[in-house]
Amino acid sequence: MTSPVTREETVTVRVFTQCFSSTPRGARLARRLALHQLDRWQLPYGSEASDTAGLLVAELAANAVTHGRVPGRDFELTLVYTPGLRLRVDVSDTRGERLPRPAAPGPLDDGGRGLFLVEALASRWAVLDRVPVGKTVRAELDLGSASSLPTAGSRAPAGAPTPPRDAAGPPALS
């Protein structure tokens, strides 16, 4: 007796990786090239997914050049897109210190809201060790449906499960 043949749909995972100078100009260029690449991958500029990804890239790149800068070393942006399923944004820098868990900024503080924005917009995010040196901040967006994307100011529904958290850092990725 032969087993029935099941055909699985092939999935093409698209990857974009680029190094940028650890300057504000490099962070701005990272965001612009990320949006251009997403448009080429059929995530149109101005769409909810593109806008959310652009904000994530902007915040993570700004953090890399502000807090993760090592003179003479670049930061790296990697986008991994699985069409219709997920977009992963990795920003790596060469400074090895772990990010502290975000503390609530005061109403008059000038900064300190970037990781809160990442937490609000990403489906998941984490800080990973980078070999041989540094760290990678990873944010993932689930693209299964347009309603699965968080919007600015949105909150999880009451009673919704929250992702597990490391006591010293962001939510764990599964």
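The values are calculated or read from the model by the stated rules, or taken from the named source; none is laboratory data. What you are looking at is a predicted structure, and each value in this text was computed from that prediction instead of being measured. Because the Cβ atoms are built from the backbone with ideal geometry, glycine has one as well, and the counts that use them run over all protein chains shown. Surface accessibility is based on the protein's heavy atoms, side chains included, excluding ligands, DNA and RNA. Shrake-Rupley method; radii C 1.70, N 1.55, O 1.52, S 1.80 Å.
Specify the residue that is nearest to Tyr81 (Cα to Cα); the eligible residues are those in segment 3-45 that are among the polar types (S, T, N, Q) and part of a loop (DSSP other than H, G, I, E, B).
We begin by selecting, within segment 3-45, every residue among the polar types (S, T, N, Q); these are 3, 6, 10, 12, 17-18, 21-23, 37, 42.
Next cut, part of a loop (DSSP other than H, G, I, E, B) only: 3, 6, 10, 12, 21-23, 42.
Values: Ser3: 33, Thr6: 25, Thr10: 14, Thr12: 9, Ser21: 24, Ser22: 24, Thr23: 26, Gln42: 11 Å.
So, considering only residues that are among the polar types (S, T, N, Q) and part of a loop (DSSP other than H, G, I, E, B), the one nearest to Tyr81 (Cα to Cα) is Thr12.
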Quick one: Asp74 ticks every box in (1) farther than 17 Å from Asp90 by Cβ; (2) open to solvent by 70 Å² or more (accessible area, probe 1.4 Å) except a single one, so which number is it? (1)
Exactly one condition in (1) open to solvent by 20 Å² or more (accessible area, probe 1.4 Å); (2) more than 30 Å from Thr10 (Cβ to Cβ); (3) at pLDDT 75 or above is false for Pro107; which is it? (3)
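Any residue in segment 46-64 that is outside any helix (DSSP H, G or I) and over 12 Å from the mean Cα position of the chain (by Cα)? Explain how you work it out, then say what you get.
First, pick out the residues of segment 46-64 that are outside any helix (DSSP H, G or I): 46-47.
Then drop every residue that is not over 12 Å from the mean Cα position of the chain (by Cα), which leaves 46-47.
The answer is yes, given that some residue of segment 46-64 is outside any helix (DSSP H, G or I) and over 12 Å from the mean Cα position of the chain (by Cα).
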